[in-house]
Amino acid sequence: MATALKTKTRMPNPTQTLKSYFGFDRFRPGQQQVIECLLMGKSAAAVFPTGAGKSLCYQLPALMLDGLTVVVSPLIALMKDQIDALTRRGISAARLDSTLSADEYRAVSGQIHDGSLRLLYVAPERFQNERFRQVIGQTRVSLFAVDEAHCISEWGHNFRPDYLKLVDFARGLNAERLLALTATATPQVLDDICRAFEIDTACAIRNSSYRPNLTLLTSPMTADSRDAALIERLKHRPAGPTIVYVTLQRTAEEIARQLGAAGFYARAYHAGMADDERSSAQEWFMQSDAGIVVATIAFGMGIDKSNIRYVYHYNLPKSLENYSQEIGRAGRDDQPATCETLVCADDLDQLENFILGDTPSLRAIETLLDEVFSQGRTFDVSFYDLSGKSDIRLLVVRTLLTYLELDGYLAGGTPFYATYKFKPLESSGQILAQFEGERREFLEQLFRQAKRGKTWLQLDAGAAAASLNAPRDRIVRALDYLADRGWIELEVAGVRNRYERLREPADRDALARDLHGRMLAREKQELARIQQVVDFTALATCQVNALCLHFGEERPQPCGHCTHCLEPGTKRVAPRRAKAALDPKLLARVEALRRQYPQIDDPVVWARLLCGITSPALSRAKLTSDPLFGACPQQDFAELRAQFETRGA
Ligand code: ADP
Ligand code: MG
C-alpha cells in the first residue's frame, strides 16, 4: 500500500490518509478530535494513556499540511523506531542529533530546505544548537509537536525547565500550530500546558484513563516477607508475560537471579546494562508468553506488547503518575490483567533520599552563583566541573542554570566539545604528504599539540587554539576533515556549555535564597507525591476511582476490581516508619570525620552522610563507603539538615 504513495500527494481527507498511509480503518478515541483542531489551524493537546496512539496525532497532519512537522521527544531510541516505521510506510522522516555524520547532517538539512522532509525528530537539547536553529529557522514549520509535554509543568512529575524554553523556540520559529502530547497529566498540569502552548480548552483532548480489565491490588507487607510473597504469587497465578518493577538496578539483578533459582524464566532490564544485552532482554520478552522481566522504570518506554498479564511493583512507584503509566502497560489486549503493589514501608527512605539528595544547600547555590558570575561576559563551563565545585548533582546544576536563563541573567549558546581524541589510521607522514604550504605547517603544529596515549592522541581544542594563535573553529574543521577522509578516527569528549551574561543580579545573596527557596518547594512537592502513593495503597474507598479522580475524571460507581472493592472488610493502614532519636555517639564520630575532611565545609553534607544520601563531594572523598554513611537511615533528614545547618560550620 505505502510503496505506491512515495510521491508527494496531499490527501484532502484524514480518514483516507489514515487508510492509505497507515493501513488503519478507523481512528482510535480522541485522535480525530485532535487532528481536526490541528487541521483547522489551532493548537491542541492530547492526553492519552501510553499505547493509545498519540503519535498518529502529528504523523497524519504532517502528511496533510504544507511545511515541516517538528517533533520534540526526549527519547532517542523511540525516535529511531518511529522513523524506521514511517520510512517503511513511504513517509519521509528523519532526526537531527549529535550522532549523525557530517554527510548525514547535510543530507537532512538539504531535505528540510527543499521541502521533501515531512517529519523532523529532535531532542529538546537540540535547540541549544545555533546551527540547528539557523537551519530550521529558514523553514516553514506548520506543526510543532512536543512529546512528554507534562515536563513543562512545575506541577508535573518530571518537570524539566528546558521544556519551558521550547515554547519560546517554537514561537521564534513562527510555528503555525503546536501539539502537546502526554500520557499523564493532572488537571493542574493540563492547565499549565494549555496556558504555555496557548491551547483552547476545546482542543485539549483527554482520554479516560479507566481500565476495566485491570485488577489493582495493593498488599502491605514487611520487607523480609516480600521475596517469598512475590514467588508465591508467581507460582499460584496462571503464567503470562510479567513485568516486575523495582527501583534500583541492583535489585533488578538480584530479584531476576532469585526468580531464576526458583525455576522461572526471568531476566533483568535496567539502564546500567550494555545496549546489546538490554535489547536482547527486550526482544526475548516481546516474543515470550510466560517471561518475567525484572526492570527499573527504564523498561517499558518503547514496549508495544499487548498481552502483558501482570505488573508487579516490588518497590513503591514514586508518584501516582508513574504508577498509572507502569500499570498501563498491562492488558493492552483488553483481556484481564493483574497489577499488584507490594507495599513496604522501608521503600520510603530510598525514594525520599533520591529527592532529598537533589536539593542543594544554600551554601552550594552560593558557590555555584559565585562561579557563574565571576566569569567574563561570555564564557563556557562544564556542568560536570560545576557539579564538583558546588557539590550539586549534575542534573540540578543544569536546572539551576536554566532558571538563570529563564530569569534573563544568562543566554545559552551552542555547547561544544572541549577535548578531541583521535587515532591516526595512516602515519602522520602520509597524512601530511596530502597537504602543502601553510596548511601542512598548520597540521604539523596541530599534531604536536596532541598528547600521545597508547593508540589515541588527545587534543584540548581551546588550548591548541590559544597556543597556535588560530581560531578554535579552524582546528575543529581540520580534525573533521581528516576524519571525513578516513585518515584519522575522531572522538569527542567533555561537553562545555557556552553562555553570555545578560545582567548581573542586583543582590547575589538574595538570588541564592530565591533559588534555594524554589528547590525546597520542589522537594516538598516531590515528597508529597510519594505520600500520595502511600495514601493510595491504604485508601478506605475505591482505589480505581481515586486514581481516575487524580487525573480529573469522576466515576460514580465503585469499580469492583481493586483491593478496596474486592476485600471491603480488611482494614489497611499506610506504612509509617518510626523516626529514631539521634545517637550522640554518632554525632561525635561525625565531628571527628569533619575535622579529618576540612575541605567539606558545608554542614548539610554531613547530615547527608548520616542518612545515606550521596552527593558529588561525598563520592569524591570516597565517604560513601565509610561506615557512617547511612548509619541512621531512620532519621528525618529534613530535621537533621536543619540541626546541622544551625550548628553551622
Ligand atoms: P502512544 O504514543 O500514545 O503511547 P503510539 O503512538 O506509539 O502510542 O501508538 C501505539 C500503537 O497503536 C502503534 O503501534 C500504532 O501504530 C497503533 N495505532 C495508532 N493509531 C491507530 C489506529 N487508529 N488504529 C490502529 N492502530 C493504531
Ligand atoms: Mg508515544
- Considering Glu130, Glu125, which residue is in contact (Cβ under 8 Å) with a residue 12 or more places away in the chain, under 21 Å from the mean Cα position of the chain (by Cα) and under 24 Å from Arg160 (Cβ atoms)? Glu125
- Task: For Leu68, work out the one condition from (1) away from ligand 2 (no atom under 15 Å from the Cβ); (2) touching a Ser or Thr at 6+ places or on another chain (Cβ under 7 Å); (3) open to solvent by 20 Å² or more (accessible area, probe 1.4 Å) it doesn't fulfil.
- Result: (3)
- Message: Can you find, within the stretch 480-500, the residue that is surrounded by the fewest Cβ atoms within 10 Å (Cβ to Cβ) among those that are basic (Lys, Arg) and either more than 28 Å from the chain's Cα centre (by Cα) or at pLDDT below 90 (or both)?
- Response: Arg485
- Note on the structure: Matching residues in the stretch 28-56 (open to solvent by 30 Å² or more (accessible area, probe 1.4 Å) and either aliphatic (A, V, I, L, M) or more than 16 Å from ligand 2 (Cβ to nearest atom) (or both)) number 7
- Task: Please state which of the following conditions Phe22 fails to meet, knowing it meets all the rest: (1) over 26 Å from Thr186 (Cα atoms); (2) open to solvent by 30 Å² or more (accessible area, probe 1.4 Å); (3) near ligand 1 (Cβ under 10 Å from one of its atoms).
- Result: (2)
- Query: Has the stretch 195-216 got at least one residue that is aromatic (Phe, Trp, Tyr), open to solvent by 20 Å² or more (accessible area, probe 1.4 Å) and more than 16 Å from ligand 2 (Cβ to nearest atom)?
  - Reply: yes
- Condition check for Ala93: within 16 Å of ligand 1 (Cβ to nearest atom) and modelled with pLDDT of 95 or more: yes
- Query: Quick one: Leu96 ticks every box in (1) in contact (Cβ under 8 Å) with a residue 12 or more places away in the chain; (2) open to solvent by 20 Å² or more (accessible area, probe 1.4 Å); (3) under 25 Å from the mean Cα position of the chain (by Cα) bar one, so which box is it?
  - Reply: (2)
- Would you check if Arg555 is touching a Leu at 6+ places or on another chain (Cβ under 9 Å) and either surrounded by 21 or more Cβ atoms within 10 Å (Cβ to Cβ) or of a type in the set (D, E, K, R) (or both)? yes
- Query: Which residue pairs have Cβ atoms under 7 Å apart, sit 6 or more places apart or on different chains, and have a first residue in the stretch 133-153 that is modelled with pLDDT of 95 or more and a second that is of a type in the set (Phe, Trp, Tyr) and not in a loop (DSSP other than H, G, I, E, B)?
  - Reply: Leu143/Tyr58; Ala145/Tyr58
- Got a number for residues in the stretch 603-643 being touching a residue at least 60 places away in the same chain (Cβ under 8 Å), open to solvent by less than 40 Å² (accessible area, probe 1.4 Å) and assigned to a loop (DSSP other than H, G, I, E, B)? 3
- Asp81 vs. criteria within 16 Å of ligand 1 (Cβ to nearest atom) and open to solvent by 20 Å² or more (accessible area, probe 1.4 Å): yes
- Note on the structure: Inside the stretch 207-238, the number of residues satisfying the requirement of being of a type in the set (A, V, I, L, M, F, W, C), within 14 Å of Cys344 (Cα to Cα) and assigned to a helix (DSSP H, G or I) is 4
- Would you pick out the residues in the stretch 33-67 that are under 15 Å from Asn207 (Cα atoms), of a type outside the set (S, T, N, Q) and more than 25 Å from the chain's Cα centre (by Cα)? Val34, Ile35
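The values are calculated or read from the model by the stated rules, or taken from the named source; none is laboratory data. Note that the structure is a prediction, hence the values are computed from the model and not measured. Reconstructed Cβ throughout: ideal geometry from the backbone, glycine too, with neighbour counts over all protein chains shown. All accessible areas refer to the heavy atoms of the entire protein, side chains included, with ligands and DNA or RNA removed. Shrake-Rupley method; radii C 1.70, N 1.55, O 1.52, S 1.80 Å.
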